[in-house]
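K.L.:
Take a look at this one; I'll ask things after.
Values quoted throughout were computed directly from the atomic coordinates according to the rules given, and no laboratory measurement underlies them. The structure displayed is predicted, hence computed values, not measured ones. Glycine also receives a Cβ, built like all others from the backbone with ideal geometry; neighbour counts cover every protein chain displayed.
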């Protein structure tokens, strides 16, 4: 068999790659892209890591695939199923233009993350989920090479490590925060590493823990859909305001350390 050097492969006598050569090239490409994809398109939910659909698209593009929406429609509640936005997406071989896979997915209007969202956002997320499902049909094997779970991050509920279809219990509320002492000054060893997230405020919801302590849930649109984070300090933002949330590690997730209106007022790319 011809020797493999980086991503360069010698074609067979017919001019096309043999199945073994193609498999080798595909695995090498995923190996090269994995660090970038894991840095930018993998999120941790609970104690597991999940690939975002954008990361799947990045790998799919490298493998020679593109996608196109075949249909998207709103379906009213029927047959015991809640109302939903449903989309179907096709995967096409860039060389031949032929459809090689198809995927269908939906956003159900009883999902906690989406029940109060604008319809355009639900419609877009249905297409995003369907894109992921379609691409998984031709490159699902790459998930294990990257080291992520089989479900996409966009399919996960706000709280909990199960997909929406598998979730059987209501999300647990976070306990009251422990009282943390402030450092005397400067960054100390072991202090948390803060991350900043910019986006559009989707709302601030006051909550009360089982022990009677107040906390807040802050929604931010920073890409595909709305993410909700817990703040143990009161935050006041108007829905639609462009904000910055400073996040810090808490347990297996992230909570809001601080937040403010984005002074740059820059447009958020959706």
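K.L.:
Take the Cβ-Cβ distance between residue 61 and residue 104 as r, set R0 to 35 Å, and report the resulting FRET efficiency rounded to the nearest 0.05.
P.N.:
Numbers: r = 21 Å, r/R0 = 0.61.
According to the calculation, E is roughly 0.95.
K.L.:
Separate question: Work out, step by step, the length gained on full extension between residue 36 and residue 211: first 0.36 nm times the residue separation, then minus their alpha carbon distance; give nm to one decimal.
P.N.:
This chain segment gains 58.7 nm when fully extended.
K.L.:
Report the relative contact order of region 19-155, percent, no decimals, based on alpha-carbon pairs under 8 angstrom and at least 6 residues apart. Don't jump to the answer; show the numbers that get you there.
P.N.:
Values: 241 pairs, mean separation 36.5, N = 137.
The value is 27 percent.
K.L.:
Taking the simple approach of a point 7 Å from Cα along Cα-to-Cβ for both residue 118 and residue 83, what is their distance in nm?
P.N.:
1.7
K.L.:
Calculate the length of the line joining the C-alpha centroid of region 209-249 to that of region 93-140, in whole Å.
P.N.:
Cα centres, region 209-249 to region 93-140: 26 Å.
K.L.:
Another one. For a label point 7 Å from the Cα of residue 76 along Cα→C-beta, name the residues of region 114-141 whose backbone N is under 14 Å from it.
P.N.:
No residue passes the distance filter.
K.L.:
Quick one: order 71, 112 by neighbouring beta-carbon count within 10 Å, fewest to most.
P.N.:
71, 112
K.L.:
Quick check of the Kirkwood formula: for region 19-155, what is the inverse mean of 1/r over all pairs of different Cα atoms, in Å?
P.N.:
Numbers: mean 1/r = 0.0635 Å⁻¹.
Kirkwood radius, region 19-155: 15.8 Å.
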